[in-house]
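Beneath this line is the structure, given in C-alpha cells, with notes to follow.
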Amino acid sequence: MKKIILPFLIIFSLFISCKKEIVKEPEHLIEKAKMVDIIYDLSLIGAMRSQNSTLLDSFKNNSNQYIYKKYKIDSIQFAQSNIYYAADYKEYKKMYEQVKSRLAKDKSLTEVAIKVEKKKALLLEKKNKKLKLKKEADSIKKAKLKWLKK
C-alpha cells in the first residue's frame with residue numbers, strides 16, 4: 001500500500017509545483033463582479049449597434065470611452081484585466097455565463113413589457129373605436145331628431 005501511495009504523492013506534488021501562472025495578475029486588476037458588469041454593458045452596446053446602427057452613430061466612437069468613464073477605468077486596465085481573466089478559461093467561461101443569464105433575464109423582461117404595451121395599445125384602440133361609434137350613433141340620432149322636427 002505504501003509503495004503505491006508514495007509514487008502517487010510524488011507525481012501529484014510534481015504536477016502542483018510545476019503549475020505556473022500563465023498571466024501575472026495586473027497591478028490594477030478589475031474585480032470579477034465589476035468585469036462581468038463591463039462585459040454585460042459592452043454586450044448591450046454591441047446588440048444595440050447591430051439592431052440600429054444609425055441610432056448609435058454618434059455613440060460608436062465614444063462607446064468604449066463611455067464604459068471607461070462609467071466604471072472609472074482606463075483602456076489599459078481593462079485590456080490587462082481581460083487578458084488575466086481570459087487566461088483561466090473555466091473562470092472566464094463562468095463570467096460569460098453570468099452575462100448570458102443576465103441578458104436572457106433582461107430579454108424575457110423586455111418581451112413581457114412589450115406584450116403589456118401591445119395589450120394596452122389594443123385596449124386603447126378598442127376604446128377609441130367604441131367612442132367613435134358612439135359619437136357617430138349620437139350624431140345620426142341628432143340628425144333624425146332634427147329631420148323629425150321639421
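The values are calculated or read from the model by the stated rules, or taken from the named source; none is laboratory data. Quantities reported herein were computed from a predicted structural model and do not represent experimental measurements. Positions of Cβ are generated from backbone atoms using ideal geometry, with glycine treated the same way; all protein chains shown enter the neighbour counts. Accessible surface is based on the protein model in full, side chains and every heavy atom, while ligands, DNA and RNA are left aside. Shrake-Rupley method; radii C 1.70, N 1.55, O 1.52, S 1.80 Å.
Modelled spin-label separation between L123 and I22, with each label point placed 7 Å from Cα along the Cα-to-Cβ direction: 5.4 nm.
Here the label points at R102 and I114, each 7 Å from Cα along the C-beta direction, are separated by 2.2 nm in the simple model. Pick out, from Q51, S63, I39, the residue whose Cα sits farthest towards the positive end of the charge dipole of the range 29-118, with +1 on the Cβ of Lys and Arg and -1 on the Cβ of Asp and Glu. Looking along the dipole axis, the top candidate is Q51. When the residues D41, D74, D106 are ordered by accessible surface, computed with a 1.4 Å probe over the protein chains alone, the sequence from largest down reads D74, D106, D41. Which entries of K100/K120; K34/K105; K107/K129; K70/K120 show an alpha-carbon separation above 26 angstrom in the structure shown? Cα-Cα > 26 Å for K100/K120; K107/K129; K70/K120; rest within.
Summing +1 for each Lys or Arg and -1 for each Asp or Glu among the other residues whose beta-carbon sits under 14 angstrom from that of E117 gives +2.
The trypsin sites (Lys or Arg not before Pro) found in the range 24-133 that occupy coil by DSSP, while having at most 15 further C-beta atoms within 10 Å, are K24, K72.
The accessible surface of the range 61-102, taken with every protein chain in place and a 1.4 Å probe, is 51 percent carbon and sulfur.
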